[in-house]
Structures are given as C-alpha cells and as structure tokens.
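Structure below; questions to follow.
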Amino acid sequence: MSPIAGMPPGPRMPKAVQTVGMLTRQRPFLERNRRRYGPIFTVNMAGLGRLVVVSEPELIKQVFMADPKTLHAGSQSPLRRVLGNNSLLGIDEEHHMEQRKLLLPPFKGQRMRAYEPQIEAIAREQIALWPEGVEFATAEAMQRITLKAILQTVFGASGERMAQLEELLPEWTALGQSLSRFPRAQKDLGRFSPWGRFVRLRARVDAILDTLIDDARRDPEVAAREDVLALMVQARHGDGSELTNEEIRDQLVTMLAAGHETTAHTLSWAVERLRRHPAVLARLVEEADAGGRALREATIREVQRMRPVIAFAGRHTRRPYEVGGYTLPKGVLIGLSAGLTHYDPRLFPHPDRFDPDRFLNARPETYSWIPFGGGVRRCIGATFAHMELDVVLRVLLTTVELLPTDAPDEPWQFRGVAWAPAGGGMARIRRRSEVPAPPAPVAAAA
C-alpha cells in the first residue's frame, strides 16, 4: 500500500489535556493511545507541538538508522542553548560525527576499568554518611556520588576547584532542566531573572573550566593522565587544529548533564525497586558477598527497562520522511518511546513484573531496550554509566543492609528532562558489621 501523506491519527482532546496526561500519567496515557491507534500515533503537547510517538522496534530501528541529513536530533533540541552550540546533544551531521569521533576514545573498556577504583572510593565515602534506622531519600546522596565521579574522572578536578564546581553545578543543572522546557523564558532580563541567573552561573562554571583546561594544556605529564579532559586537550580536528576552550567546555557540561542526574535517578529507582522485592535483594547480597556480578548486571538492565529515566529519543524531520505507513512532512518531531517499548508484553512477558532473571545470561535486544538511545547518536557514556551503576550498587550491597518495605511503589515524577522517583528513592538501612570475604576461586574468576 502507498504511504499516507500526513500525520498518523491520535487523540482529539485539547492540547492542554494531552499535555497534563503526558506530564502526570504518561505511561497510562500512551498505553491507551497505543491500544487505540497502534504502534505509531500523534499527540499534541504544549511547547512541543505535534509529536509522532513510535514504539515498534522495527520502526525505532528505521528512525535510528535514518540519514542524519533527513532526521536531526540536535539542531532543534531544547538542550542546545542550555549546553552550548558545540554540545554533542545539539549538533548534527558531519559536525556531530567529528565531535563524536573525538570524544569516543575516553569511554572505551580499558579506561573504564581505570575509573572503577575512584568511583568505588567515592561511593564508600558517601554511603558511610547515610543515617541508620530512619527513612531518607537517596536521590541527593546518589547525585553527590555521580557528581563527584564525573568531576574526578571526566573533568579531572580536585581540591578547591572541585569544591567550587560541586557548589555551582547542582543549581546550574536544575535550572537548566527547567528552562529547557520553556524556550520563551530563555531571555536574560537581569541577574534576578531565571535565564539571567542561569547565564551567570554558566559564566562562573566556564571560568573554572578554563583554569582546568589551561592547566591540562601546560601539564607535561598530560599523556599519562586518565581523566577525559586530558584526552580532549590532546585531541585534534581533521586539519590538525586542537579543540578550542569553548568546544571542550560545552562537551564537559554535556557529559555532566547526560551522565550525572540520569545515573543518580537510576540508582534511586534501583533502591525503590529492590526494597519492594526482598527475594531479589537477598540474592544480590549473596552474589556480591561471593564476588559475583551477573545478577547485578541483569538487575541494572531490568531497572532501566522498568524505570527509564529518559522517556523519549527525539528526531526532527528536515524533509518529508516515510515511517510506519505515513509520509511525515518537514518539521515534525518523532518521539521513540522507551516507556511504551519497554512495557510491550510481546517483547517482555509480564512487563509489570520486576524480574531481573529475564536478563540473566541474555542481553536485551538493541531496539527493544533503548535507555541509551541508538544508532550513531547512542549515548557515548553508556559503558561509563553501566560501570558506575554496577560499582555503586556493589558498594551499597556489601556495606549496608537495605531494609525492605511494603509501601506502595513510588510514583514517577518529571524533573524537566528526566523521570525520577517522586519520593527520591526512599531507603532505610542498617550497617553491616562484617562483610564475608569471597572464596578465593570465585574472587579469582571475578
């Protein structure tokens, strides 16, 4: 059959009602529309306009693999002005591929292993501060861990400059998430206006980053350093020129924005899930004490399936584009829905059941499980994020006892870019008095 020119069908309710549905009850809202209209339909949202929602793996693969001249992900991204004109999340086509090629080497497996001891030390230090015997939200604690991890391993920061960045970046990140949803509010009306405050915070962050970059350029031992910044100052464009300070700064804050709160929210969701599934929690503790990791890695993937912190991967049509039996016009936003795909019972039997065993000794299919996006724009920090999740959970399981709860599931809450547990991933812990050493053969195998 010939493709239909125009938009797929979708709900006819007012834009305001659809917007509220997407922001407060996104999954039920989308599930109802999928049952009625199928794996491709259109919703209408304030601030975004008409969004074509796609949830079929074959269609997701098609969109991810499309010609980057036809579908853009960066040029019209709401994060472009927030992160900078050089941000990997805000550029397309040849510019994107060049920057991606320059930034990929620091995130290879060998270097990931070098970062593990640093992240473990940070996690131990922070988890040691958690209160015993009382309910508390883990969200802020997890954010402190992931922020420190990125500042050390990516920014190469330490001492006073690290302390300054730890003070500035949480406010800058939170403000940026909020403002990314409201392009009309991105006007500098003075230091007391939201965008004015954001711009001035970014200027203070940039000033500190410039000192880190300049120090790295002058460091005679820079080639021996393991942080990502050290590799960026040594990188060269195709014409042999070095990256400018502006390029490096934009990519550093992009890596922070993409890998700081998203990883922290996933860790908070892991706490929320495990406290409600004590049998899985007990198996994880036993495995961690023995030096294993297979179930822990499966659990990470299952948490990301059930609670994807980034709900959509977006693509903008630059010219008419055919997908799912429709020829979409230029200027349309396509949203590849992780939430719908991850809960498709044809792909994941009993999708509402928290079941890490579904990923034990089996990796998820590439276009059915998309917490990191896909195609040439797949998150370059995916390996780093998985490693960080694994290390922090291992430290958590072996140093404290996470006490179960019969409380209802924490609702989803939209934080501007990412979805987080509304309660912050509430926890109650006891210190473990003694952690058994793993048997020698198991430890050696691990």
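Only residues that are under 18 Å from R25 (Cα atoms), of a type in the set (A, V, I, L, M, F, W, C) and buried (at least 18 other Cβ atoms within 10 Å of the Cβ): list them for the stretch 419-433, please.
W419, A420
Which one of R283, R276 is of a type in the set (D, E, K, R), surrounded by fewer than 18 Cβ atoms within 10 Å (Cβ to Cβ) and in contact with a Pro (Cβ under 8 Å, 6 or more places away or on another chain)?
Result: R276 is the single residue among R283, R276 that is of a type in the set (D, E, K, R), surrounded by fewer than 18 Cβ atoms within 10 Å (Cβ to Cβ) and in contact with a Pro (Cβ under 8 Å, 6 or more places away or on another chain).
When both residues are 6+ apart or on different chains and their Cβ atoms are under 6 Å apart, which pairs have a first residue that lies in the stretch 1-14 and is over 21 Å from R35 (Cβ atoms) and in contact (Cβ under 8 Å) with a residue 24 or more places away in the chain, and a second that is surrounded by 13 or more Cβ atoms within 10 Å (Cβ to Cβ) and of a type in the set (G, A, S)?
Qualifying pairs under 6 Å: P3/G325.
Regarding T366, is this residue within 27 Å of Q251 (Cα to Cα), surrounded by 15 or more Cβ atoms within 10 Å (Cβ to Cβ), out of contact with any Asp or Glu (no Cβ under 8 Å at 6 or more places or on another chain) and at pLDDT 90 or above?
The answer is no for T366.
For residues in the stretch 301-358 being assigned to a helix (DSSP H, G or I) and either among the acidic types (D, E) or without any contact (Cβ under 8 Å) to a residue 12 or more places away in the chain (or both), which is surrounded by the most Cβ atoms within 10 Å (Cβ to Cβ)?
The extreme case among them is E302.
Which one is nearest to the chain's Cα centre (by Cα), of the residues in the stretch 397-419 that are modelled with pLDDT of 95 or more and in a strand (DSSP E or B)?
L402
Pick out the one residue from D239, D188, D214 that is under 21 Å from G90 (Cα atoms), surrounded by fewer than 17 Cβ atoms within 10 Å (Cβ to Cβ) and of a type outside the set (K, R).
D188
Now for a separate question. Examine the stretch 172-181 for a residue that is part of a helix (DSSP H, G or I) and under 23 Å from E242 (Cβ atoms), and state whether such a residue exists. Can you show your working first?
From the stretch 172-181, those part of a helix (DSSP H, G or I) are 172-180; that's our starting set.
So of that shortlist, the ones also under 23 Å from E242 (Cβ atoms) come out as none.
So far as the stretch 172-181 goes, no, none of its residues is part of a helix (DSSP H, G or I) and under 23 Å from E242 (Cβ atoms).
When residues of the stretch 220-244 are filtered for being more than 25 Å from the chain's Cα centre (by Cα) and under 21 Å from V82 (Cα atoms), how many remain?
The number of residues fulfilling the criteria is 2.
Looking only at the stretch 69-85, filter to residues that are outside any loop (DSSP other than H, G, I, E, B) and in contact with a strand residue (DSSP E or B) (Cβ under 9 Å, 6 or more places away or on another chain); which one of those is surrounded by the fewest Cβ atoms within 10 Å (Cβ to Cβ)?
That would be H72.
Note down all Cβ pairs under 8 Å where the first residue falls in the stretch 146-170 and is closer than 16 Å to R111 by Cα, the second is of a type in the set (S, T, N, Q), and they're at least six residues apart or on different chains.
From the stretch 146-170, the pairs are A149/Q118; Q152/Q118; Q152/S158; T153/Q118.
May I pose another question? I'd like the full set of residues that are out of contact with any helix residue (DSSP H, G or I) (no Cβ under 6 Å at 6 or more places or on another chain), more than 26 Å from L103 (Cα to Cα) and not hydrophobic (A, V, I, L, M, F, W, C), limited to the stretch 354-397.
If the condition is that a residue be out of contact with any helix residue (DSSP H, G or I) (no Cβ under 6 Å at 6 or more places or on another chain), more than 26 Å from L103 (Cα to Cα) and not hydrophobic (A, V, I, L, M, F, W, C), then D355, D357, R358, N361 are the ones that fit.
Would you tally the residues in the stretch 175-206 being under 26 Å from the mean Cα position of the chain (by Cα) and of a type in the set (G, A, S)? Write out each step before concluding.
Just the residues of the stretch 175-206 that are under 26 Å from the mean Cα position of the chain (by Cα), to begin with: 175-186, 194-195, 197-206.
Still in the list and also of a type in the set (G, A, S): 176, 178, 180, 185, 203.
Residues flagged as under 26 Å from the mean Cα position of the chain (by Cα) and of a type in the set (G, A, S) within the stretch 175-206 amount to 5.
The values are calculated or read from the model by the stated rules, or taken from the named source; none is laboratory data. What you see is a predicted model, and the numbers here were worked out from it, not measured in a lab. A quick note on method: Cβ atoms are made from the backbone with ideal geometry, for glycine too, and the neighbour counts reach across all protein chains shown.
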